[in-house]
Amino acid sequence: MLPFPSPFSTILDKECDPFKGSIYKTVSLHSHDFNLDPHSYTSGRWLRRDKLEREARYIKFDFDALCRRVLELTPAANAITACQKIEGGFNRIFIFHLSNAKRIVARLPFTLAGPARLTTASEVATIKYLQAKTRILIPTILDWSDNATDDCKLVGTEYSIMEHVDGVQLHQKWQSLAGDQKIRCIKGIHESLKEVVNLEFPAFGSLYFSDGPLDPGKKGFLDENFYIGPHCGPRYYDIVRPNHGPWSNNIDFTDGLIDVGLSRVPPAELDAESRPSYHGSIQAHLTLLGHARKVLKQMSADPRIQNAATPLLFHPDLHKRNIFVSEDDPSIVTGIIDWQAASIEPSWWYADEVPNFAMHSESGSNLCRQAFEACTQFLTPRLAGPRLMNDSLFRPFRYSYRTWKDGAVALRDELIGTAQHWEELGFAGQCAYPLPTPMELARHKKQFKLFEAAHDLKGELASLLGTATDGWMPPEQLETTKEANMEIFQGILHEVLTNEDTEDEPVTDEAILRSIWPFDLDR
């Protein structure tokens, strides 16, 4: 029995036995039949917190039960002929190849994808809502469970099972496309999303089925089938459960961001010695966030911010791997996948996002970026409005919930800049953030310079080592990359220690270098 019976369900209730009935097939499959480990993360390793990263992506479940469920859902097939495992940052995907030449996709979220139950429940509800209200092409969901302990499901973890999308991933075709083909493709993507952007909502949060198991006080009903409930994005569930909505206006939404920032500040200093000087003490974070709450409320009351805060549902990760196009005509979008954590945000939330199909090409051409901006303006104007505004109006909001991760200096810099240019930015009255004294400002500038050095170091080091900025790499590269990481550290340390002109240098000794080094320094 599905956790949330709804008029959109395509699976019949079979009492409490998902395999009871004429379409049940007896099957005994094991992961070794497909030469894969279904439980462990095997697609990569990390240069930072490798053990913790892999443990966070371990899923304990019954793979045989999942296989049986796939066959039970596909009566035209009598066997699974192959299985492919694909892993991303937040999910494990199994692509099952069936004896009838069809493919079925099973998606299992990692615990770090978001809150238990809500993550899967919201993703499914969002997809069903979009399929009911728009013509956007999203693969049909055949079955799902948001309850890892549901005895009726037997699989033992949250999952969703869906049809495989038609077409081919855009990233597989992109490099072979001519400039005019890329422009038509970008236009096709925007035309697919136009109806999504035009949907109207009364509040900010995430979508759920109306019969979901949440407190009725947390529900803002859209119709008889759906409601807006707590935001299911992982930013709201990092350490404790802070204010996670739903919110009826931008001021309340902003309060939620500040509350997230406060929830991530630990009760006691544990590793202050190893953190960079710009990070700030616990009290510094609490004081800063208190000031930020007042300033962001002032800014949220401005008519320009209010007009740029239309509740808007949009794809959370619109890049080429999540877009499928026709093999014969790449301007035709055949499907857009991965709506996990899609939520209703203020339209300004998306103002600084540029998908990778709109990035500068290796030849230096700005053609795709120009096409992206033009299509955004004419086909999705709700997204375009905030993009045309001064980004300084929105940056303090974006830094407000992540001070413990970034360091206090990043948000402080935004608040100082906002206060210094308050009238120039067009705000009325006096900014609630007290300007620092000359001595405080000099100390801040020194810390911010180190913050910028740390940011640049992470990007440059990842490029040199061939890793992602979080240190991810293919597993076979781990040992050689660890050695290269140590060699580069020793080389930079030598330059630091032998540099005689240190007056304007943010990194002057080994302790400072170690504090900003983004990857582990153990062999």
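Things to note:
- The slack between Ala56 and Thr480, meaning 0.36 nm per residue of separation minus the straight C-alpha distance, is 150.2 nm.
- According to the calculation over all Cα-Cα pairs in the chain, the P(r) per 20 Å bin from zero is 19, 52, 27, 2, 0 %.
- Along region 67-77 the Karplus relation, 6.51 cos²θ - 1.76 cosθ + 1.60 evaluated at θ = phi - 60°, assigns HN-Hα couplings of 4, 4, 5, 4, 5, 5, 7, 10, x, 7, 10 Hz to successive residues, with x for each Gly and Pro.
- Dividing the helix sum by the residues of the chain, where each DSSP H run of 4 or more adds -39500 (n - 2.57), gives a mean residue ellipticity at 222 nm of -11500 deg cm²/dmol.
- When region 452-516 is described by a simple charge dipole with +1 on each Lys and Arg Cβ and -1 on each Asp and Glu Cβ, the residue from Thr498, Leu478, Ala453 located farthest towards its positive end is Leu478.
- Helix 282-300 axis, angle to the chain major axis (alpha carbon atoms, nearest 10°): 80
- Amide H contacts under 5 Å for Asp143: Ile161, restricted to partners 5 or more places along the chain or on a different chain, H placed in the peptide plane at 1.01 Å from N.
- Considering only Ala384, Thr467, Gly429, the residue lying farthest towards the positive end of the dipole of region 382-495 is Gly429, judged by Cα position with unit charges set on Cβ.
- In loop segments of region 32-70 as defined by DSSP, there are no chymotrypsin sites (Phe, Trp or Tyr not before Pro) with at most 10 further C-beta atoms inside 10 Å of their C-beta.
- Mean Cα-pair separation over length for region 306-369, i.e. relative contact order, pairs under 8 Å, 6 or more apart, %: 36
- Modelled spin labels at Glu269 and Thr140, positioned 7 Å past Cα toward Cβ, are 6.1 nm from each other.
- With R₀ fixed at 30 Å, the C-beta to C-beta distance from Glu191 to Phe221 puts the FRET efficiency at about 0.50.
- Treating r as the C-beta distance of Glu424 and Asp470 and R0 as 51 Å, the FRET efficiency rounds to 0.90.
- Here the peptides 368-381, 343-356 are ranked by packing, the mean other Cβ count within 10 Å, and the order with the highest first is 343-356, 368-381.
- Each Lys and Arg adds +1 at its Cβ and each Asp and Glu adds -1 at its Cβ; summed about the Cα centre, the chain shows a dipole of about 1140 debye.
- Across region 452-516, the mean sequence separation of Cα contacts (distance under 8 Å, 6 or more residues apart), normalised by length, yields a relative contact order of 24 percent.
- Modelled this way, with points 7 Å down the Cα-to-C-beta line, the labels at Lys85 and Asp522 are 2.5 nm from one another.
- Pairs from Lys297/Lys449; Lys51/Lys405; Lys51/Lys446 whose Cα-Cα separation, in the structure shown, is over 23 Å: Lys297/Lys449; Lys51/Lys446
- Helix 478-498 and the longest principal axis of the C-alpha atoms of the chain enclose an angle of approximately 10°.
- Packing, taken as the mean count of other beta carbons within 10 Å per residue, orders the peptides 114-120, 502-508 from highest to lowest as 114-120, 502-508.
- Modelled FRET efficiency - R0 22 Å, Ile332 with Lys133, Cβ distances, 0.05 increments: 0.50
- Percentage relative contact order, the chain, counting C-alpha pairs under 8 Å, at least six apart: 15
- Degrees, to the nearest 10: 438-465 long Cα axis against longest axis of the chain: 40
- In plain terms, the chain from His319 to Leu388 could stretch by 22.7 nm, reckoned as 0.36 nm per residue minus the Cα-Cα distance.
Here, each number is a calculation from the coordinates, and none is a lab measurement. Keep in mind that this is a model prediction, so the values were computed, not measured. Counting neighbours? That spans all protein chains shown, and the Cβs are built from the backbone with ideal geometry, glycine included.
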